[in-house]
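The values are calculated or read from the model by the stated rules, or taken from the named source; none is laboratory data. Everything numeric here is computed off the predicted structure, so don't read it as measured data. All Cβ positions, even for glycine, are placed from backbone atoms using ideal geometry, and neighbour counts span all protein chains on display.
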Amino acid sequence: VIGIDFETIRGTDDYDDEQEGLREQIIIRFSHVVATDTPKGQTARKFAQLVEAKTNGRIKVHIYANGSLYNDTNEWEAIQNGNVEMIAPATAKVSELFPKWGILDLPYAFPTHEAVTEAYEGKIGKTLLANLHNTNVKGLTFWYNGYKQLTNQVHVIKLPDDVNRLHFRIMPSPVIKEQFNQVHASTSSLPFNKTYQNLEVHFIDGQENTISNIYSKKFYEHQPFVTMSNHGYLGYGVFINKPFWESLSEYNQSAIQAALSEATDWGKRHAIEMNDHYTRELRKKDVVTIHFLTTREREQWKNAWKAVYDQMTTIIGNELMDEVHRIQN
Ligand code: LMR
């Protein structure tokens with residue numbers, strides 16, 4: 001967990017109800033928008049199991065998946081008002097409110113999983129979690145999903161010119177909007193759980209996402225062309241309502257932190273596996289053509305997107321941009 005000093009990781013036997021005087025049940029409502037069988041869905045489940053085990057069931061996490069309680073457009077307000085205690089939106093969505101968060105969505109910023117971890121756990125992650133001023137929301141850590149791929153229903157995408165004039169669904173993010181602007185594609189920012197229906201009626205031609213999201217929401221049914229571009233990383237900020245957090249005893253806070261740390265570590269390892277699994281499943285679908293970008297093709301995308309970096313430097317600042325370049329090299 002970033003930015004938090006752990007106390008001891010307490011096992012079940014150590015949890016002292018008497019000492020804490022915690023007779024009452026504490027419920028953490030955790031809202032998210034993806035399917036349960038995804039990196040975020042599974043990491044949230046793991047977290048819930050660990051919190052419960054570490055507190056002898058005194059703290060329970062109720063998970064609301066698939067946007068069943070709140071969706072992308074209102075989950076921040078819900079946590080801000082204490083209508084849920086925890087959420088884990090994609091970092092892109094946080095950048096709408098806190099523009100510096102856009103650094104994590106720069107195209108081809110973090111070329112390996114190790115680089116992503118370095119960004120999340122190092123200076124970039126610490127700076128971003130501390131950058132939530134004037135909110136009731138406390139940033140706890142980052143969770144992992146995977147690299148985004150491009151899908152569309154018009155033709156195979158190999159080079160930047162191939163997306164010219166196509167219309168893409170994007171998450172609300174200035175960086176991602178600019179990423180598509182630079183290659184002359186238009187965009188609409190739409191909630192995750194409205195994406196399928198907008199693909200179905202051809203309001204949008206394409207979208208970008210991890211394979212676990214593409215597969216679990218069946219986007220491929222209307223997206224026969226998939227390009228394995230790995231062009232950006234989709235991960236999550238994990239947040240808790242601050243007044244709720246402050247109302248907890250130190251004992252309970254450290255139990256939650258310990259559970260979060262273990263769940264985060266578990267998610268980091270399993271997210272890669274889950275996306276690989278869904279890639280294998282997707283390859284079995286006859287309706288889908290998968291193109292893997294060649295090194296030469298990838299270079300063209302990187303060149304096309306250099307301007308996104310230039311544009312974002314004023315918002316993100318040289319110090320953090322230098323950190324991206326350091327991690328990249
Ligand atoms: C999306 O909106 O495409 C993703 O942020 C969904 C998610 O939470 O993984």
Could you grab me the full set of residues in the range 215-257 that are closer than 28 Å to Asn83 by Cα and in contact with a Ser or Thr (Cβ under 8 Å, 6 or more places away or on another chain)?
Ser216, Lys217, Leu234, Gly235, Tyr236, Gly237, Val238, Lys242, Asn252, Ser254, Ala255
When you scan the range 106-115, do you find a residue that is of a type in the set (D, E, K, R) and crowded, with 18+ Cβ neighbours inside 10 Å, even just one?
no
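For the subset of the range 178-222 comprising residues that are assigned to a loop (DSSP other than H, G, I, E, B) and within 12 Å of the ligand (Cβ to nearest atom), which member is nearest to Tyr309 (Cα to Cα)? Working first, answer last.
Keep residues of the range 178-222 that are assigned to a loop (DSSP other than H, G, I, E, B), which gives 183-185, 190-191, 201-205, 210, 217-218.
This time we only want the ones that are within 12 Å of the ligand (Cβ to nearest atom), so: 190-191, 210, 217.
On the way: Leu190: 24, Pro191: 25, Thr210: 22, Lys217: 31 Å.
Filtering the range 178-222 for residues that are assigned to a loop (DSSP other than H, G, I, E, B) and within 12 Å of the ligand (Cβ to nearest atom), the one nearest to Tyr309 (Cα to Cα) comes out as Thr210.
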Given the criteria within 13 Å of the ligand (Cβ to nearest atom) and surrounded by 19 or more Cβ atoms within 10 Å (Cβ to Cβ), does Ile157 qualify?
no
Qualifying residue in the range 72-91 (condition: at pLDDT below 95, surrounded by fewer than 20 Cβ atoms within 10 Å (Cβ to Cβ) and closer than 30 Å to Ala109 by Cα):
yes
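For the range 28-136, list the helices (runs of 4 or more DSSP H) that sit wholly inside it and hold at least 3 residues that are away from the ligand (no atom under 16 Å from the Cβ); which are they?
Working: elements: 39-54, 75-80, 91-94, 113-121, 123-129.
Output list reads 39-54, 113-121, 123-129.
If a residue must be in a helix (DSSP H, G or I) and either under 14 Å from Ile214 (Cα atoms) or modelled with pLDDT under 95 (or both), how many such residues does the range 278-312 contain? Give the derivation first.
Filtering the range 278-312 down to residues in a helix (DSSP H, G or I) leaves 278-283, 295-304, 306-312.
In the following step, the residues that additionally are either under 14 Å from Ile214 (Cα atoms) or modelled with pLDDT under 95 (or both) were identified as 278-283, 310-312.
Residues flagged as in a helix (DSSP H, G or I) and either under 14 Å from Ile214 (Cα atoms) or modelled with pLDDT under 95 (or both) within the range 278-312 amount to 9.
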Working carefully through the options Leu166, Leu140, find the one that is of a type in the set (A, V, I, L, M, F, W, C), in contact (Cβ under 8 Å) with a residue 24 or more places away in the chain and over 21 Å from Pro107 (Cβ atoms).
Leu140
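Okay, residues lined up against (1) polar (S, T, N, Q); (2) within 25 Å of Ala35 (Cβ to Cβ); (3) free of Cβ contacts under 8 Å to residues at least 60 places away in the same chain; (4) loosely packed, with under 13 Cβ neighbours inside 10 Å:
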position	(1), (2), (3), (4)
Phe225	no, yes, no, no
Val238	no, yes, no, no
Asn241	yes, yes, no, no
Thr264	yes, yes, no, no
Arg269	no, yes, yes, yes
Val287	no, yes, no, yes
Thr295	yes, no, yes, yes
Arg298	no, no, no, no
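Pick from Val175, Val238, Val201: which is modelled with pLDDT of 95 or more and farther than 30 Å from Val137 by Cα?
Working: Val175 fails: farther than 30 Å from Val137 by Cα; Val238 fails: farther than 30 Å from Val137 by Cα.
Going through Val175, Val238, Val201 in turn, just one is modelled with pLDDT of 95 or more and farther than 30 Å from Val137 by Cα: Val201.
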Could you tell me which numbered condition Asn275 fails, if it satisfies all but one of (1) assigned to a helix (DSSP H, G or I); (2) closer than 23 Å to Leu128 by Cβ?
(2)
